[in-house]
Protein chains: 4
Amino acid sequence: MTTPLNFSSDYTFGAHPAVLKALMDTNELRTPGYGTDDLCEKARSAIREACACRDAEVHFFSGGTQANATVITAALRHDQGVLSADTGHVNLHEAGSIEAGGHKVLTVPHENGKLTAAAVQAFLTAFYADENHAHMVCPGMVYISQPTEYGTLYSLKELRALSAVCKAYGLPLYLDGARLAYALGSRENDVTLPDIAACCDAFYIGGTKCGALFGEAVVLVNKALFPRFFTVVKQRGALLAKGRVLGVQFSALFTDGLYESIGKTAVAAADGLRKLFREKGYPLFMENPTNQVFVVFPDEKIKTLRPEVSFGFWEKYDDAHTVVRFAADWATDQAMLDALRELL
Amino acid sequence: MTTPLNFSSDYTFGAHPAVLKALMDTNELRTPGYGTDDLCEKARSAIREACACRDAEVHFFSGGTQANATVITAALRHDQGVLSADTGHVNLHEAGSIEAGGHKVLTVPHENGKLTAAAVQAFLTAFYADENHAHMVCPGMVYISQPTEYGTLYSLKELRALSAVCKAYGLPLYLDGARLAYALGSRENDVTLPDIAACCDAFYIGGTKCGALFGEAVVLVNKALFPRFFTVVKQRGALLAKGRVLGVQFSALFTDGLYESIGKTAVAAADGLRKLFREKGYPLFMENPTNQVFVVFPDEKIKTLRPEVSFGFWEKYDDAHTVVRFAADWATDQAMLDALRELL
Amino acid sequence: MTTPLNFSSDYTFGAHPAVLKALMDTNELRTPGYGTDDLCEKARSAIREACACRDAEVHFFSGGTQANATVITAALRHDQGVLSADTGHVNLHEAGSIEAGGHKVLTVPHENGKLTAAAVQAFLTAFYADENHAHMVCPGMVYISQPTEYGTLYSLKELRALSAVCKAYGLPLYLDGARLAYALGSRENDVTLPDIAACCDAFYIGGTKCGALFGEAVVLVNKALFPRFFTVVKQRGALLAKGRVLGVQFSALFTDGLYESIGKTAVAAADGLRKLFREKGYPLFMENPTNQVFVVFPDEKIKTLRPEVSFGFWEKYDDAHTVVRFAADWATDQAMLDALRELL
Amino acid sequence: MTTPLNFSSDYTFGAHPAVLKALMDTNELRTPGYGTDDLCEKARSAIREACACRDAEVHFFSGGTQANATVITAALRHDQGVLSADTGHVNLHEAGSIEAGGHKVLTVPHENGKLTAAAVQAFLTAFYADENHAHMVCPGMVYISQPTEYGTLYSLKELRALSAVCKAYGLPLYLDGARLAYALGSRENDVTLPDIAACCDAFYIGGTKCGALFGEAVVLVNKALFPRFFTVVKQRGALLAKGRVLGVQFSALFTDGLYESIGKTAVAAADGLRKLFREKGYPLFMENPTNQVFVVFPDEKIKTLRPEVSFGFWEKYDDAHTVVRFAADWATDQAMLDALRELL
């Protein structure tokens, strides 16, 4: 039934044991609904502290598409759209969620999955220079992800440059941290949670792909941009009646450095995968320092591997090769790597 | 911190132990994402069987507002709206979720929380008799809930009559079963899951309020009305990456009659509450045979009870009295009733 | 082909001769597009002056549904809806235009077609008293029409009371003046254009039903509520490339008191109709001092009249009678009344 | 006030005299509203005949953005988007109108402003080959314009190839004919109205830029795709109460070959402009056989011309040059060309 060797994504396993234990330990409490309970409040405090951002609002969501659509929609006026790299998750893989809420995703070409300050500056300069820009969708927010969809990272310098352009134009900056643990856990990373809170107006800390059973934590740094946000959350169908189920998990993730530790474990496993592919002579499609590994396989090899191993399709490389994705998570262990080595 | 005596709703407790156990037992499996796994498939089979509806599509959601908005939106053309009792949850308490998707909620006056076949017939007759109806929103779906927001139940006869009107006008009928266990577990109920599947084009079986940690199961009986539904689910932000987390819970709920048993236990507890209020001389605002109890309290009494007991505000009754709601669930036990008795 | 005797509405005739002449006189000018030309600017000045409102923004639209949807949508945040009498045009007869833009129409019962200050106050009091109001659509604008859909008028006292309630709650007030000429031209009216500008945050002056070939002029008194409104107009498909076609018409309507004079002529004709119905013994369904006459006819009479006269269906009165509407406009003349008298 | 020499667009002049005369001649008729009158019916018949398409539905609109948004929105399910060249008007210059209706514009790179059959085929092949396409917006309609935004034309062979790809995938093809007269009037054109009706599921015949005072005629060839379209038109605010005002104009345009003749006159004037620019040594940015001329001017020259001549900004060419647009229409005469020659 389930493939024994599954590298297809970072959401194939259940919850981290500490997260599951927290759910069990609190299961028989009776609490008020919709995240108004003390367990959620405790998680919020832990997150605010980790982000060095005492005044932020923290809201919990079940998934990333929901979090993105709610934050972006809530921030935009009807005449505005959100600016994203063309590779942005909101542009390609969320089934038109932003547009379903009435807003256009404005795209600029990515650089290694990243939206650079220069590209944003160029877009804005051209936009405001265009005599007809009043007939066009006005950028009203900038969307980035850390790590990006390609597993790459913004450096602190890059993030600050982007933030400076946004501030110069009065554009809120929003960061999608679906895999944020794998940024925080990467050796190459120099961007901390407080840095993110200082540079962004809003961001989310991913749980689903980073050790939780499910769930994401949206941090609204610049609260004034999101009036009556609770109602928008409800309207988008994103308000969990038993909100505490999310709070409890994030409390666990933000206790004793678990969140960052999960990230480190997974990145180490991904490093193991990278080493393995190099050994076996499969070229990496794109270098990145996080938990996703993009590797070029001959199509023949893919055919023979498929019954034994799960991994993701990324894109066709050429007529005889395909880029595939192997993802590691905190539970990817040496046994899995060894088993894979046998098959390569 | 959390009130010791909490009757405020049926989502104040965690999951039923059997549900939690199923989550623990499956936690270390690796499965594909988005509900495409075998655990979800097993739950789907169990639900199809319980509904005697082999061909239905079953989709899992995190919450009810999300399920309602997705099903209703997916079924409607741009010129259509959904017909509901004025007391319908989609009309009042989902923050405009249907409208945010572009559709009007058309309302008719309720009878004890119910939308009667006669009321629907009257609406449709008047609509099509109006010379200007091409300038008006066309009813494109009918929404009901079982139990209703008032805890009342449609009889099989009533449900069939409603279904007949809907069929006569080619209108899909959708049933919101957020608290369906408490209908199925009520002595007065004569509507089975197969009856619902026979009368409705779509419905959802509530988990969040009926023993799950969270989650609802949408059953699409008339699949042709919902083309490419998976994508609409994704677009609405309602697709859980670790979809199995929902499947596992519904498998547990549909094993050994657990779902109905949860309903019975809660309704029995609610009967205990009703008995208690009668004993103490507090009049019931409205009779119903399910797990919610609406009772009229003097405002003075409310003030003294509040620090000790949690319950819900329903509506003002008169200058000195208020209707409040006590909800029972499967974990409401005799100790809670006894403690309440002391305070009344 | 066209019925000789047509009282079915106030948009059955072409333009007032002065309006048509203005279009002919300016036809061969070349001007910039989208209402940025001098002819539009002249019309805007005339309207601002008539409203004693020097700083207002004036935008021209092709029709009323478009104007209503654009103004209301532009003013609302995603969590907000618009409050209207249940008889409001935006609620019933605009095909769900507001909801298609993502917003709910919140309704309260009308009084003679009017939304009273007391009804709005009661709605708001109940809304903010409800413990669950964060789960509900928040009123974000109030919509009224002058004259109302029933042809009735707000007195200055009533309008000021409504405005005061709105201001107290920070709610913008918007007035739909599709038939505003017939208010301004009514003997019973005591509300001037400057009064409207003083009481409302936005309103529109109807042209289509009041002498123009087509078109409406939206006046944004409180401009800060409508940032980048031009783009929203474009987005809603409401921006006319040859915008001057609208400006030219409104210049004509606001020269030498033509707009009010058109109103007076039509109301006088409607008074003629009322007199005629009384003479002939047909009871008026509802008294009103403007250009629409609602009269109760036996169904038999309707059958015999239909081939000879056009008039509108309003609603069934009883099993044998129906309320019908006769509308007068500035071109309804004595010959038409005489011809009708013959048939009654 | 208005610039004497205005080439800025093809909507700077009023109506063609024959159109204006038709409006005057019918002004005093009384007709039913909303386009249900005989004058509209006559125009519909003329258009159906010109398109050799007896069964088509014809609907009149005030402007192109409105027509595009209504047709596209009405055709799409919630999970679908519209495929367009990246230069498509709906993608860039309609202020996000499609997205405001809930749908994504999916783009592919243009070739001379055109969407080729090969590009559409490549998009669809890649889409359906992508394992994750259920997470992506599904193409549900294809949008093209004739002439394109660059003034270029699809040949009949190209249009048929595109139509064949669309049919193979069950994708409706929609053609935006804002400037269709200038295609029909071009010597290089080999695509007739009946060809368009045979290849497309819907299209619109532009009036605003082609001799009308304002207005566009949408032709629904494949009516089954647009159920209850009238209501969607109303919902989008696109239904003119005095609908006949549009019908009358299109009757005039489709009498005695006026529409095509207007196109020819304008293209001849544009040819004069092209000749003039060549003479004076200003390079054309892109060749096209219709009424828009794209020419590269030194920025210095632009500065000196601006006070005397109106023309459109297109895009920056390099640091010292800019692409500008000169548009001709049926009223662009030799005197205008001569005056321009003096200034170049």
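The values are calculated or read from the model by the stated rules, or taken from the named source; none is laboratory data. Remember, it's a predicted structure, so these values are computed and weren't measured experimentally. Here the Cβ positions follow ideal geometry from the backbone for every residue, glycine too, while neighbour counts run over all protein chains shown. Just the protein is used for accessible areas: all its heavy atoms, side chains included, with ligands, DNA and RNA removed. Shrake-Rupley method; radii C 1.70, N 1.55, O 1.52, S 1.80 Å.
Interface between chains D and C: roughly 4600 Å² of accessible area buried, both sides summed (probe 1.4 Å, protein heavy atoms only). Each of residue A:339 and residue A:287 was given a label point 7 Å from its Cα along the Cα-to-Cβ line. The distance between the two points is 3.1 nm. When all alpha-carbon pairs of the range B:14-88 are counted, what percent fall beyond 16 Å? Summing the P(r) tail past 16 Å for the range B:14-88 gives 69 percent.
Each residue of the range C:134-150 was assigned a 3J(HN,Hα) from its phi angle through the Karplus curve 6.51 cos²θ - 1.76 cosθ + 1.60 (θ = phi - 60°); the sequence is 5, 8, 10, 5, 8, x, x, 6, 10, 10, 9, 10, 9, x, 6, 4, 9 Hz, with glycine and proline shown as x. Averaged over the residues of A:12-20, the number of partner chain Cβ atoms lying within 10 Å of the residue Cβ comes to 5. For chain B, with all protein chains in place and a probe radius of 1.4 Å, 53% of the accessible heavy-atom surface sits on carbon or sulfur. Residues whose amide H falls under 5 Å from that of residue A:315, counting only those 5 or more places apart or on a different chain, are A:323, with hydrogens built in the peptide plane. Summarising the label geometry, the points placed 7 Å from Cα in the beta-carbon direction at residue B:169 and residue C:187 lie 4.5 nm from one another. Here's the picture: a label point sits 7 Å out from the Cα of residue D:86 along the beta-carbon direction, and within the range D:279-298 the residues with their amide nitrogen under 20 Å of it are D:285-287. Working from label points 7 Å from Cα in the Cα-to-Cβ sense, the residue D:132 to residue A:111 distance is 2.4 nm. For residue B:308 and residue C:223, a Förster radius of 60 Å and the Cβ-Cβ distance give a FRET efficiency of 0.70, rounded to the nearest 0.05. 3J(HN,Hα) couplings calculated from phi for the range D:52-61 with the Karplus curve 6.51 cos²θ - 1.76 cosθ + 1.60 (θ = phi - 60°) are, in sequence order, 6, 8, 4, 9, 5, 8, 10, 10, 9, 10 Hz; Gly and Pro show x.
Only helices enter the 222 nm calculation for chain C: every DSSP H run of n ≥ 4 contributes -39,500 (n - 2.57), and dividing by all residues gives -11500 deg cm²/dmol, rounded to 500. For the range B:142-223, applying the loop criterion from DSSP together with a ceiling of 15 other beta carbons within 10 Å to the GluC sites (Glu not before Pro) yields B:188.
What is the Cα centroid distance between the range A:180-218 and the range A:129-162, reported in whole angstrom? If we compute the Cα centre of each part, the gap is 18 Å.
Here is the result for the range A:169-251: no chymotrypsin sites (Phe, Trp or Tyr not before Pro) lie in DSSP coil with at most 10 other C-beta atoms within 10 angstrom of their C-beta. Excluding residues fewer than 8 places away in the same chain, name every one of the lysines whose C-alpha is closer than 17 Å to that of residue A:223. Cross-link targets: A:167. Counting other C-beta atoms within 10 Å, and keeping those with at most 12, which DSSP coil GluC sites (Glu not before Pro) do you find in the range B:6-110? Here the sparse-neighbourhood loop sites are B:28.
Using a 4.7 Å Cβ-Cβ cutoff, the cysteines of chain C lacking any partner cysteine are C:40, C:138, C:166, C:199, C:200, C:210.
Using the charge dipole of chain C (Lys, Arg: +1 at Cβ; Asp, Glu: -1 at Cβ; taken about the Cα centre), state which of C:76, C:23, C:219 has its Cα farthest towards the positive end. About the Cα centre, the residue reaching furthest to the positive side is C:23. Can you classify the range D:79-179 as rounded, prolate or oblate using the Cα gyration tensor, where a ≥ b ≥ c are the square roots of its eigenvalues, rounded means a/c under 1.5, and otherwise it's prolate if a/b beats b/c and oblate if not? Oblate. Amide H to amide H, with H built 1.01 Å from N, residue A:83 comes under 5 Å of A:106, A:140, A:141, A:142, A:143, counting only residues 5 or more places away or on other chains. Among B:253, B:150, B:136, whose Cα sits farthest toward the positive end of the charge dipole of the range B:17-253 (+1 at Cβ of Lys/Arg, -1 at Cβ of Asp/Glu, about the Cα centre)? Going by the Cα projections, it comes out as B:253. Take each residue in A:85-96, count the other chain C-beta atoms within 10 Å of its C-beta, and the mean is 5.
Remark: the range D:197-214, residue by residue, has Karplus-estimated 3J(HN,Hα) of 5, 6, 8, 10, 8, 7, 7, 10, 9, x, x, 3, 8, 9, x, 7, 5, 5 Hz, where x stands for each Gly or Pro and the curve is 6.51 cos²θ - 1.76 cosθ + 1.60 at θ = phi - 60°. Sites count as exposed loop sites when they are trypsin sites (Lys or Arg not before Pro), lie in a DSSP loop, and have at most 11 other Cβ atoms within 10 angstrom; the longest stretch of chain A without one is A:188-344. For residue C:6, the amide hydrogen comes within under 5 Å of the amide hydrogens of C:310, counting only partners 5 or more places away or on other chains and with H modelled in the peptide plane. As a calculated quantity, the FRET efficiency between residue C:317 and residue C:118 at R0 = 25 Å, using C-beta atoms, amounts to about 0.30.
Per-residue shielding of D:58-70, expressed as the average number of other chain Cβ atoms within 10 Å of the residue Cβ, stands at 4.
Cross-link reach is defined here as a Cα-Cα straight distance under 20 Å, omitting same-chain residues fewer than 8 places apart; for residue D:301 the lysines meeting it are D:275, D:280, D:316. Legend: residues in the range D:296-325 shielded by at least 30 square angstrom of accessible surface upon adding the remaining protein chains to the isolated chain (1.4 Å probe, heavy atoms) are D:313. Look at where the Cα atoms of the range C:236-310 and of the range C:1-52 average out, and the two centres are 18 Å apart.
Projection of the Cα convex hull of the protein assembly as shown, averaged over all directions and equal to a quarter of that hull's surface, yields 50.8 nm². Bridges between two residues of the range B:17-253, per DSSP, are antiparallel at a rate of about 40%. For the range A:1-107, the solvent-accessible area of protein heavy atoms averages 30 Å² per residue (probe radius 1.4 Å; ligands and nucleic acids excluded). In terms of its C-alpha gyration tensor, chain C has an oblate overall shape, because the principal axis ratio a/c (a ≥ b ≥ c, square roots of the eigenvalues) is not below 1.5 and a/b does not outweigh b/c. When DSSP beta bridges are restricted to pairs lying wholly in the protein assembly as shown, around 55% turn out antiparallel.
Compute the Cα gyration tensor for the range D:168-243, then decide on rounded, prolate or oblate, letting a ≥ b ≥ c be the square roots of its eigenvalues: rounded whenever a/c is under 1.5, prolate when a/b is larger than b/c in the other cases, and oblate in all that remain. In terms of gyration-tensor shape, oblate.
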